[in-house]
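Read through the structure below, which is laid out as C-alpha cells, and then see the notes.
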Amino acid sequence: MPKPENSFDALAGVPVHYDRAPDAGYGTRGIPYTFHCTESFEDTLHAAFEELWAVCPLGPAEVITSAGAYVDKGGMHGAGRAFDIDGIFWADKAFITNQYPNDRAFYLAVESVLRKHIGTVLNYKFDAAHQDHFHVSGRGEPGFVAAHESRVTYWQMALTHLFDQPVTVDGRTGPETNGASRAVLRALGIAEGDEGATEEGLYRVLDRVWDDLLDAAAERGFRGVADATEKTPLRLLEALYATISDELAGQASRKAIESAVTTFAQHPKTDAWLDQFRPES
C-alpha cells in the first residue's frame, strides 16, 4: 500500500525519535524523525499518550523512541495503522521495553494505558520478536477477548505482577486464569453476579469492565514510581532475582543460579555493605 500522506514527529506534545541502526542506537534517545500513519491512527496514538501523561506520576515525558510506523510491507505497518514503541524518556526515568524483567510493574502500567485505546498490543511475553518493543496497531477494538492470545497474555501478566494472583502466562484462558480473574473482580468490588459463574459469562463481565480493570492495573503499576527511580544496590539485586525468576522459569539451571546469587548476597561482607541501603526499622 502507498505511504500515507499524514505524518507526525510528536505525540501528545512529546517528540518522537527513531532509535535504530544505522542512524541511532536502541536504548538511546535516538534522533528526530518524521513518521507516517493514517490520520485516524495518529489520533488514537495521541489519545493514548495524553492519558499516559495524565495518569503517570512522572507527567509528560521528554522523548518517545520508536522503531517505526509505516513500513513498505504487508500487515498493519504497511496499512499505516501500526507503531512500534521502543522506549519513553522522562527527566528522571528511562523506560526501555526490553528491560521488562527489571521493571515489570511500570511496564504493565504503561501497557494498561495503551490497551484502553488500542486494539492490538504485542508485548515482551507475546513472543521473542516483541521483547524490545510494544507493537501497537489498529487491528480490533479495545476490550477483553478470551480467544486473543495477546490480550490474555497481558491479563495473566497483570494478574501475576499487579493483582497478586500468580498464574501461568501462556496466553490461554482456563480454570487457573478464570479463578484469579474472579478473585480480582471480587477484590475490586466489581460484582460478577450469576453471569460470571460460567466461562462465557465471566468473559462478558471482563470485557464490560475492561476499562475499570485497566485503570486499576495502571494505578498499581505506577505506585511508588518516584521512589523506584533510584536504582540502589538492593533494588538492583531484587531486579536480578526477578529476571532469573521470569526468564528461567521451569529450567533446571534456575535453582543453581539463584543459589549462586544468594550465596554472594548473604556473604557477611556483602550483607554488611548492603545494610547501608536498607531502610531503618
(Q) If every alpha-carbon in the chain counts as one equal scatterer, what log10 I(q)/I(0) does Debye give at q = 0.15 1/Å? (A) -1.19
**Q.** Helix-only CD estimate at 222 nm, as mean residue ellipticity for the chain, using -39500 (n - 2.57) per DSSP H run (n ≥ 4)
**A.** -13000 deg cm²/dmol
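Could you calculate the contour length gain from Ala272 to Leu240, that is, 0.36 nm times the residue separation minus the distance between their Cα atoms, to one decimal place in nm?
9.6 nm is the gain from fully extending Ala272 to Leu240.
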**Q.** Simple spin-label estimate for Asp127 and Ala91 in nanometres, 7 Å along Cα-Cβ
**A.** 4.1
Q) Counting other C-beta atoms within 10 Å, which of Tyr203, Tyr70 has the fewest, and how do the rest follow? A) Tyr203, Tyr70
(Q) Quick check: residue separation of Phe264 and Ala54 times 0.36 nm, minus the Cα distance between them. What number comes out in nm? (A) 71.4 nm
Q.
Skipping prolines and chain starts, which residues have an amide H placed within reach, meaning under 5 Å, of the one on His17, given they are 5 or more residues away or on another chain?
A. Ile64, Thr65, Ser66
Q. Would you list Phe134, Phe83 from fewest to most Cβ contacts within 10 Å?
A. Phe134, Phe83
(Q) Ignoring trypsin sites (Lys or Arg not before Pro) that are buried or in helix or strand per DSSP, and keeping those with at most 11 other beta carbon atoms within 10 Å, what is the longest stretch of the chain between them? (A) 74-230
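Please tell me the relative contact order of segment 7-221 in percent, rounded to the nearest whole number, where contacts are Cα pairs under 8 Å and at least six residues apart.
Working: 397 pairs, mean separation 33.1, N = 215.
It comes to 15 percent, rounded to a whole number.
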Q: Read phi for every residue in segment 80-89 and hand back ³J(HN,Hα) as whole Hz from Karplus 6.51 cos²θ - 1.76 cosθ + 1.60, θ = phi - 60°, with x for Gly and Pro.
A: x, 10, 9, 8, 9, 9, 8, x, 9, 10
(Q) Can you work out the Karplus-derived ³J(HN,Hα) for every residue in segment 96-111? Use 6.51 cos²θ - 1.76 cosθ + 1.60 with θ = phi - 60°, whole Hz, and x for glycine or proline. (A) 10, 5, 6, 8, 3, x, 8, 8, 4, 5, 5, 3, 6, 5, 4, 4
**Q.** Inter-probe distance in nm under a simple model that places probes 7 Å from Cα toward Cβ, at Asn6 and Val71
**A.** 2.1
Q. Dipole of segment 33-142 (Lys/Arg Cβ +1, Asp/Glu Cβ -1, origin at the Cα centre): which of Asn102, Ala79, Leu52 lies farthest to the positive side?
A. Asn102
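For Ile257 and Thr168, what is the calculated FRET efficiency with R₀ set at 30 Å and r taken between the beta-carbons, to the nearest 0.05?
E between Ile257 and Thr168, to the nearest 0.05, is 0.90.
FYI, it's all coordinate maths here, none of it is from the lab. The structure presented is a predicted model; accordingly, all values stated were derived computationally and were not measured. Please note: Cβ atoms are built from the backbone with ideal geometry, for glycine as well, and neighbour counts cover all protein chains shown.
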